[in-house]
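Below is one structure, written out as structure tokens, with a few remarks after it.
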Amino acid sequence: MDSHGGHYLNKEAVLSLLGAARMSQLLLGCTIMALVSHSAGYSATYGTFCMFVWCFCFAVTMVVFTLDITRLHACMPISWDNFTVAFAMLATLMYITASVVYPVYFLQAECPDEGCEIQIYRIAVTVCSSVCCFPYGAEVFLTRAKPGAVVGYMATVSGLLKVVQGFVACIIFGALANDSEYNLYIATEYCVVVYSLCFSITVIVIILTVSGRTSALRFPFDRFVIVYTFFAVILYLSTALIWPIFSFDRKYGNTTRPEDCPRGACPWDSKLVVAVFTNVNMILYFVDLIYSQRIRFVSSSAA
């Protein structure tokens, strides 16, 4: 017992719905890593990405769970609520991606050369990874902003959308790096500048919020977020128009996928991914702009 009569350990970190969600995350994450390491296996860039997702999310979840149950998070110079909900949102997106990528590249209609037992392990990995999306999503649901409650900015719809926007931008960057031929025209290079600029500012907003340093700015943080989101909508709208023209118009490229285009190394595929997720992010920024009008920043912790 401490001097104020409270317990050193936080029982609510275990005996609550949030605690149950985090323990489920740890259990499933540990199971996935054990299955992959034992027999399921992984290889190439896509497999390494999936393994990174599972290991990274497990490690951070373990740290979050430990700091919460020991109350040591109060000693950290960050906004704890903002950090945990932002990570839970990111982990949900990462797990969804890994749950799609792993079976696409490692599950086959027939048993692999190593034997059908390997196929069973890979199916188990896919199932566990897919199920683990729900505990992380449950944490986001449990810690999100409730009507009338004073919470951190990252727990609001606008804050959660910032995480999604940054994640979608990472998908765009991955497609750009995969032989997208973006450097053929100045117009497509402009699009890359827009993606980079919006991603950088979004990351800065998240870092300032999680670190609790928004009050140190010389200008109102809420107004900055709204103005930036407005300009991001305009910039993404321009790229949503420019990128398809210089990627799929007959004058600059191909309107249909070339027949001699290998799977996984086709510029046309990368251009299509960029075009699709450009529109996705434009919609996300527009929805963010609408919801940000309803937010009221009352303190640095809420920002």
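The values are calculated or read from the model by the stated rules, or taken from the named source; none is laboratory data. Here the structure is a predicted model, which means the values were calculated and not measured. FYI the Cβ positions are ideal-geometry reconstructions off the backbone, even for glycines, and counts take in every protein chain you see.
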(request) Return the only residue of Ser180, Ser130 being touching a Ser or Thr at 6+ places or on another chain (Cβ under 8 Å), farther than 17 Å from Met89 by Cβ, modelled with pLDDT under 90 and of a type outside the set (D, E, K, R). (result) Ser180
(request) Within the range 28-79, track down each residue that is surrounded by 15 or more Cβ atoms within 10 Å (Cβ to Cβ) and at positive phi. (result) Gly41, Arg71
(message) For the range 112-133, check the following and say yes or no: at least one residue is on the phi > 0 side of the Ramachandran plot and either buried (at least 18 other Cβ atoms within 10 Å of the Cβ) or outside any helix (DSSP H, G or I) (or both).
(response) yes
(message) Condition first: under 20 Å from Cys198 (Cβ atoms) and either at pLDDT below 80 or assigned to a loop (DSSP other than H, G, I, E, B) (or both). Can you find one or more residues in the range 286-298 that meet it?
(response) yes
(request) For Phe230, state whether it is of a type in the set (Phe, Trp, Tyr) and under 30 Å from Ile78 (Cα atoms). (result) yes
(message) Looking for something aromatic (Phe, Trp, Tyr), at pLDDT 90 or above and loosely packed, with under 15 Cβ neighbours inside 10 Å - is there at least one such residue anywhere in the range 134-143?
(response) yes
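This table checks each residue for (1) free of Cβ contacts under 8 Å to residues at least 12 places away in the same chain; (2) of a type in the set (Gly, Ala, Ser); (3) outside any loop (DSSP other than H, G, I, E, B).
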site: Phe173; (1), (2), (3): no, no, yes
site: Asp179; (1), (2), (3): no, no, no
site: Thr209; (1), (2), (3): no, no, yes
site: Ile234; (1), (2), (3): yes, no, yes
(request) Enumerate the pairs (first residue in the range 183-201 and within 13 Å of Val274 (Cβ to Cβ); second residue anywhere and surrounded by 17 or more Cβ atoms within 10 Å (Cβ to Cβ) and polar (S, T, N, Q)) with beta-carbon separation below 6 Å, excluding pairs fewer than 6 apart on the same chain, so at least 6 apart or on different chains. (result) Cys191/Thr239; Val194/Thr239
(request) Please name all residue pairs, on different chains or six or more residues apart, with Cβ atoms under 8 Å, provided the first residue is in the range 61-85 and is within 15 Å of Ser211 (Cα to Cα) and the second residue is exposed (fewer than 14 other Cβ atoms within 10 Å of the Cβ). (result) Trp80/Ala74
(request) All but one of (1) more than 16 Å from Cys128 (Cα to Cα); (2) in contact with a Pro (Cβ under 9 Å, 6 or more places away or on another chain) hold for Met23, so report the exception by its number. (result) (1)
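Test of understanding: among Cys50, Cys57, which residue is touching a Phe, Trp or Tyr at 6+ places or on another chain (Cβ under 6 Å), at pLDDT 90 or above, assigned by TED's automatic domain parsing to the domain that holds Arg122 and in a helix (DSSP H, G or I)?
Values: Cys57 fails: touching a Phe, Trp or Tyr at 6+ places or on another chain (Cβ under 6 Å).
On inspection, the qualifying residue turns out to be Cys50.
Only one of these is of a type outside the set (Ser, Thr, Tyr), modelled with pLDDT under 95, in contact with a helix residue (DSSP H, G or I) (Cβ under 8 Å, 6 or more places away or on another chain) and part of a loop (DSSP other than H, G, I, E, B): Leu9, Leu67, Leu18. Name it.
On the way: Leu67 fails: part of a loop (DSSP other than H, G, I, E, B); Leu18 fails: part of a loop (DSSP other than H, G, I, E, B).
One residue alone meets the criteria, Leu9.
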